[in-house]
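All remarks here apply to the structure that follows.
The values are calculated or read from the model by the stated rules, or taken from the named source; none is laboratory data. Remember, it's a predicted structure, so these values are computed and weren't measured experimentally. Cβ atoms come from the backbone with ideal geometry, glycine included; neighbour counts cover every protein chain shown. These area figures cover heavy atoms from the full protein model, side chains too; ligands, DNA and RNA do not enter into them. Shrake-Rupley method; radii C 1.70, N 1.55, O 1.52, S 1.80 Å.
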Amino acid sequence: MYGLFRLFEGTRAIDWLILIVDFLILVSIVWLELPDWLHHRRAVAMSRALTPFMDRGRQLQVSVPSQNSHPSPELLKWAEEVKTWTEETEIFLARSSRKAAIAFTHVINAYNADRTVRRPDGTRFRLAGHYGDIYQVLQVKLDNLEKIIEKPEAYF
């Protein structure tokens, strides 16, 4: 106890004032920066959580079965998988951020998207009709999801 008393024995009032002001400045910096830091951490975490959805969507994009003159069971299954992926992604985004869910479902000018399927092995083919429409919407939604992942602070 005596050692503690000797530690503060030579302090003047100005020393205490400087210490208090420094402490208040430190508290104000933390107070002002903490919300931004927490927001950034949440946005990065949401971006990481969306990566499996993006990977699954890209896999659906390149795994389209070739289109015959009549709908094949593989093509019907693919269309159902795309529908399931879309619903799961929308539900996840709606739980996390209404703004992100709206951005994901915003499909305007989907007809401008290419209907040509390009596979990793270099093969290409064009989809027509209803399945071409599904493919175009899938591409637009993947682009929307990519924008959400690239700038998560704007959505979460």
Inset, instruction - Within the range 121-149, track down each residue that is in contact (Cβ under 8 Å) with a residue 24 or more places away in the chain and farther than 23 Å from E80 by Cβ. - result: E146, K147, I148, I149
Legend entry - Output for the range 84-107, where each listed residue is out of contact with any helix residue (DSSP H, G or I) (no Cβ under 7 Å at 6 or more places or on another chain) and free of Cβ contacts under 8 Å to residues at least 24 places away in the same chain: T84, E87, I91, R95, R98, I102
Legend entry - Residue among F125, F156 that is open to solvent by less than 30 Å² (accessible area, probe 1.4 Å), out of contact with any Leu (no Cβ under 6 Å at 6 or more places or on another chain) and among the aromatic types (F, W, Y): F156
Legend entry - Matching residues, the range 120-141, being in contact with a Ser or Thr (Cβ under 6 Å, 6 or more places away or on another chain) and hydrophobic (A, V, I, L, M, F, W, C): F125
Legend entry - Any hit, the range 98-115, residues being surrounded by fewer than 19 Cβ atoms within 10 Å (Cβ to Cβ) and in contact with a strand residue (DSSP E or B) (Cβ under 8 Å, 6 or more places away or on another chain): yes
Inset, instruction - Please state which one of L50, L34, L93 is open to solvent by 40 Å² or more (accessible area, probe 1.4 Å), part of a helix (DSSP H, G or I) and not polar (S, T, N, Q). - result: L34
Inset, instruction - State whether one or more residues within the range 1-24 are modelled with pLDDT of 90 or more, over 30 Å from L93 (Cβ atoms), open to solvent by less than 80 Å² (accessible area, probe 1.4 Å) and in a helix (DSSP H, G or I). - result: yes
Legend entry - Residues (within 25 Å of the chain's Cα centre (by Cα) and outside any helix (DSSP H, G or I)) located in the range 97-116: S97, H106, V107, I108, N109, A113, D114
